[in-house]
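The values are calculated or read from the model by the stated rules, or taken from the named source; none is laboratory data. Computed from a predicted model, the values in this text were never measured in an experiment. Cβ placement follows ideal geometry from the backbone for every residue including glycine, while neighbour counts extend to all protein chains displayed. The protein model used for the area step is the full one, side chains on, heavy atoms only, and it has no ligands, DNA or RNA in it. Shrake-Rupley method; radii C 1.70, N 1.55, O 1.52, S 1.80 Å.
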Amino acid sequence: MELSIRDQIEIIRGNIAKAALTSGRRAADVRLMAVTKTVDDHRIREAISAGVDILGENYVQEGKRKIEQMGKSVEWHMIGHLQTNKAKYAVRLFDMIHSLDRMALAVELDKRSRLAGCVTRVLIEVNISGEETKRGVPLQEAIPLVREVSALENLSIQGLMTMPPWFDDPEEARPCFAALRVLRDRIIAERIAHVEMKELSMGMSQDYRVAVEEGATIVRIGRSIFGERPHP
Ligand SMILES: *Cc1c(COP(=O)(O)O)cnc(C)c1O
């Protein structure tokens, strides 16, 4: 029998709690984001009714339609690559942007936030592995980028995000997650004004347990909740 979305969410919450406890953390310090790219509205509503309160979208257009349809009773986060020319929509739609990886985008998000009269919460996306196909600021450039972005008054840095390369064995992703945590601790030690390092957004369907053990505060899960996505 196929498990319902509610059942899957229960199982994932249990796994998160277990991983948190085995690493001396509190389950309440880890939030579950349901990643809803390509997912039908009624299935998203099922996840919301099962208590999920953060939804993650990869595309501005798709997110816009869903947010207008479903409203803002939950938080909507932007997790996909963001083109600079979409910044003006993104700041009005999303409660947090996880994919800030370059200064040109930061400048545009800051300007559009000022025009919209808001301060936008952002995470700096870091390319830990150095793999060329992955997005994110290279590890060595992360702290300089945090410093530069911290000077922009309409952006508020809340933490870091990463997406490791695909591994069959999730243990292989552990060094990437640990490296993001170490980077966070280095940034905290730098005491940069206006920078908060509360959030580590890391861990997906195949590796979220390992990510929680290494300090994730937000795990981003799609397939384990909703099933496989259609291939484009
Ligand atoms: C699609 C996506 C996820 C979720 O991946 P699953 O394997 O479906 O859990 C998480 N983060 C980002 C940035 C994504 O694009």
Practice task
Determine, yes or no, whether ILE143 is among the β-branched types (Val, Ile, Thr), at pLDDT 95 or above and outside any helix (DSSP H, G or I).
Solution key: no
Handout entry: Residue, modelled with the lowest pLDDT, within region 111-139, restricted to residues that are over 23 Å from ALA216 (Cβ atoms) and open to solvent by 40 Å² or more (accessible area, probe 1.4 Å)
Key = GLU132
Practice task
Specify which of the listed residues (SER4, SER73, SER49) is among the polar types (S, T, N, Q) and free of Cβ contacts under 8 Å to residues at least 40 places away in the same chain.
Solution key: SER73
Fill in the blank from the handout: Apart from one, (1) away from the ligand (no atom under 16 Å from the Cβ); (2) part of a helix (DSSP H, G or I); (3) open to solvent by less than 40 Å² (accessible area, probe 1.4 Å) all hold for ASN85; the odd one out is (3)
Problem - Pairs where the first residue, in region 218-232, is more than 10 Å from GLN8 (Cα to Cα) and the second is more than 9 Å from the ligand (Cβ to nearest atom) and part of a helix (DSSP H, G or I), C-beta under 8 Å, 6+ apart - result: VAL219/ILE16; VAL219/ALA211; VAL219/VAL212; ILE221/ILE12
Problem - Test: ALA17 is farther than 22 Å from ILE124 by Cα, more than 15 Å from the ligand (Cβ to nearest atom) and out of contact with any strand residue (DSSP E or B) (no Cβ under 7 Å at 6 or more places or on another chain) - result: yes
Exercise for the section: Output the residues belonging to region 157-178 that are part of a helix (DSSP H, G or I) and more than 16 Å from VAL212 (Cβ to Cβ). Expected result: GLU172
Completion exercise
Among the residues of region 201-224, the number that are of a type outside the set (Ser, Thr, Tyr) and more than 8 Å from the ligand (Cβ to nearest atom) is 13
Exercise for the section: Being of a type in the set (Gly, Ala, Ser) and open to solvent by less than 20 Å² (accessible area, probe 1.4 Å) is the filter; apply it to region 93-110 and report the residue that is farthest from the ligand (Cβ to nearest atom). Expected result: ALA106
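Every residue in region 123-148 that is free of Cβ contacts under 8 Å to residues at least 40 places away in the same chain and of a type outside the set (S, T, N, Q), please.
Result: ILE124, GLU125, GLY130, GLU131, GLU132, LYS134, GLY136, VAL137, PRO138, GLU141, PRO144.
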Problem - Subset of region 26-58 (residues that are open to solvent by 50 Å² or more (accessible area, probe 1.4 Å), among the polar types (S, T, N, Q) and within 14 Å of the ligand (Cβ to nearest atom)) - result: THR38
